[in-house]
Amino acid sequence: MAGKRTHRITLIPGDGIGPEVSGAVVKILEAAGAATGVGFEWHQFAAGADAFAQTGEYIPKALYESIEQNKVALKGPVTTPVGGGFASINVTLRQKFELYANFRPVKSLPGLKTKYPDIDLIIVRENTEDLYAGLEHVIVPGVVQSLKIITDKGSTRIAQFAFDYAKKHGRKKIHSIHKANIMKLSDGLFLNCCRKVAAEFPSVEYKEHIVDNTCMQLVLNPYQYDILLTENLYGDILSDLCSAFVGGLGLVPGANLGAECAIFEAVHGSAPDIAGKDMANPTALLQSAVLMLHHLNEAETAERVQGAIERVYREGKVLTRDVGGSSGTKAFADAVLAAMESAGAAK
Ligand code: NAI
């Protein structure tokens, strides 16, 4: 075991199921780190409505400063009011820290039976532009304009990210997902940027699909895709669709990556329908934490956690309800802890 290294991580437990899933994840990371010589210093902050109640700010200044200093955050989901109220905390953080790449691997877990076995897809979603710029206004009563922002810079850097990733990790194919038949200028610009970057990577096959057709193609035959490279809104919707291939939102992790900072969070939201009931599946946030460990160059700890998750799914005895089991969040977390321990003992 190497000498002990400590990572300072900004922790945003979030609300709804956030505290339950992040509590489970912190416990598992602490145990994994204790066995591999890796320590964590958690700098914890509320965000959203909870933060407003405590500090009068939806994103406290101290939270911004913590992310600036630590460069890495682990984040649970935060509820965003529908149709009014404050702006999305998630979108605000992504824009503030220019976390332009939203990386979402959608991979089947061993032993978990779904309609589509052996899925291995990646969604690379542009994370700072598009209709999520939040530029909306009433022109006259009854008429609202919402601006879709697509830039050469934003499109080129996300395409570059996707192709660099493909080359580095031996992925074969990238589909650019667009609606440039209708949004000829904005999605047209996105496509042109993707084509220019694609031309620099002849070893990666490049294709383009229109987003509505993509939805059908995905349901008919998801295996035709490898990496889906897309804009913010399409990427958001396709992520939930693709999560269903591998068992649902309780499973799919994500990383928001920028040049300076990174925030790791699951694809799912705060799931108010099951919050506080010990029903949430912590796997999605746990696999996001595995991505975080790789980002921190802690491959041994990452593999220890991922190996334990896979063992629990392979055995199939302690699973949460969303994936057909009858166990709670805490029992699942305990099963992952036990799987880590027995893997350690077997070494
Ligand atoms: P949601 O992802 O919270 O829930 C959709 C469905 O999936 C629900 O039936 C829920 O019970 C289930 N689900 C989600 N995560 C699960 C888990 N870990 N284990 C088991 N079941 C799970 O999406 P919804 O209902 O559209 O959004 C709720 C709130 O979350 C909204 O305020 C939304 O703005 C916010 N949200 C926050 C995100 C974030 O913080 N990154 C991302 C997406 C939504």
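The values are calculated or read from the model by the stated rules, or taken from the named source; none is laboratory data. Being a predicted model, the structure only gives us computed values, none of them experimental. FYI the Cβ positions are ideal-geometry reconstructions off the backbone, even for glycines, and counts take in every protein chain you see. When the accessible area is computed, the model is the full protein with side chains, heavy atoms only, and any ligands, DNA or RNA have been set aside. Shrake-Rupley method; radii C 1.70, N 1.55, O 1.52, S 1.80 Å.
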Original post:
Regarding Ala275, is this residue under 18 Å from the mean Cα position of the chain (by Cα) and either away from the ligand (no atom under 12 Å from the Cβ) or in contact (Cβ under 8 Å) with a residue 12 or more places away in the chain (or both)?
Top reply: no
Subject >> Top-ranked residue in segment 60-80 [being touching a Cys at 6+ places or on another chain (Cβ under 8 Å) and within 16 Å of the ligand (Cβ to nearest atom); ranked as nearest to Phe97 (Cα to Cα)] >> reply: Ile67
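Go over the candidates Pro222, Pro253, Pro202 one by one and state the one that is in the same structural domain as Glu129 (by TED's automatic domain parsing) and in contact with a helix residue (DSSP H, G or I) (Cβ under 6 Å, 6 or more places away or on another chain). Break it down into steps so the answer makes sense when it comes.
Working: Pro253 fails: in the same structural domain as Glu129 (by TED's automatic domain parsing); Pro202 fails: in contact with a helix residue (DSSP H, G or I) (Cβ under 6 Å, 6 or more places away or on another chain).
Of Pro222, Pro253, Pro202, the one residue that is in the same structural domain as Glu129 (by TED's automatic domain parsing) and in contact with a helix residue (DSSP H, G or I) (Cβ under 6 Å, 6 or more places away or on another chain) is Pro222.
Looking only at segment 35-88, which residues are within 30 Å of Gly307 (Cα to Cα), among the polar types (S, T, N, Q) and part of a loop (DSSP other than H, G, I, E, B)? Write out each step before concluding.
Within segment 35-88, the first condition is being within 30 Å of Gly307 (Cα to Cα), and the residues that meet it are 35-45, 67, 70-78.
Now restrict to residues that are among the polar types (S, T, N, Q): 36, 44, 70.
Result: no residue meets the conditions.
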**OP:** Using the structure shown, decide if Ser155 is assigned by TED's automatic domain parsing to the domain that holds Glu231 and open to solvent by less than 80 Å² (accessible area, probe 1.4 Å).
**Re:** yes
**OP:** Look at segment 252-272 and say how many of its residues are over 10 Å from the mean Cα position of the chain (by Cα) and near the ligand (Cβ under 10 Å from one of its atoms).
**Re:** 4
**OP:** Within segment 1-58, track down each residue that is open to solvent by 70 Å² or more (accessible area, probe 1.4 Å), among the polar types (S, T, N, Q) and in contact (Cβ under 8 Å) with a residue 24 or more places away in the chain.
**Re:** Thr6, Gln44
Original post:
Of the conditions (1) open to solvent by less than 10 Å² (accessible area, probe 1.4 Å); (2) modelled with pLDDT of 95 or more, Glu65 fails just one. Which one is it?
Top reply: (1)
Original post:
Of all residues in segment 81-94 being within 17 Å of the chain's Cα centre (by Cα) and closer than 24 Å to Val144 by Cα, which is nearest to the ligand (Cβ to nearest atom)?
Top reply: Asn90
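Select, from Lys330, Lys317, the only residue that is within 14 Å of the ligand (Cβ to nearest atom), modelled with pLDDT of 95 or more and loosely packed, with under 15 Cβ neighbours inside 10 Å.
Lys330
From the list Gly269, Gly325, pick out the single residue that is surrounded by fewer than 21 Cβ atoms within 10 Å (Cβ to Cβ), touching a residue at least 24 places away in the same chain (Cβ under 8 Å), in the same structural domain as Leu11 (by TED's automatic domain parsing) and more than 20 Å from Ile9 (Cβ to Cβ). Before the answer, list the steps.
Numbers: Gly325 fails: touching a residue at least 24 places away in the same chain (Cβ under 8 Å).
Answer to the selection: Gly269.
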Original post:
Considering only residues of segment 89-104 that are open to solvent by 10 Å² or more (accessible area, probe 1.4 Å) and assigned to a loop (DSSP other than H, G, I, E, B), which is nearest to Leu249 (Cα to Cα)?
Top reply: Tyr100
Subject >> Number of the condition not met by Leu285 [criteria: (1) more than 10 Å from the ligand (Cβ to nearest atom); (2) surrounded by 15 or more Cβ atoms within 10 Å (Cβ to Cβ)] >> reply: (1)
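Are any of the residues in segment 306-313 within 11 Å of the ligand (Cβ to nearest atom) and either open to solvent by 50 Å² or more (accessible area, probe 1.4 Å) or within 23 Å of Val72 (Cβ to Cβ) (or both)?
Start the filter on segment 306-313 by keeping residues that are within 11 Å of the ligand (Cβ to nearest atom), which leaves none.
Within segment 306-313, not a single residue is within 11 Å of the ligand (Cβ to nearest atom) and either open to solvent by 50 Å² or more (accessible area, probe 1.4 Å) or within 23 Å of Val72 (Cβ to Cβ) (or both).
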Subject >> Enumeration of residues in segment 214-248 that are surrounded by fewer than 21 Cβ atoms within 10 Å (Cβ to Cβ) and touching an Asp or Glu at 6+ places or on another chain (Cβ under 7 Å) >> reply: Leu233, Gly248
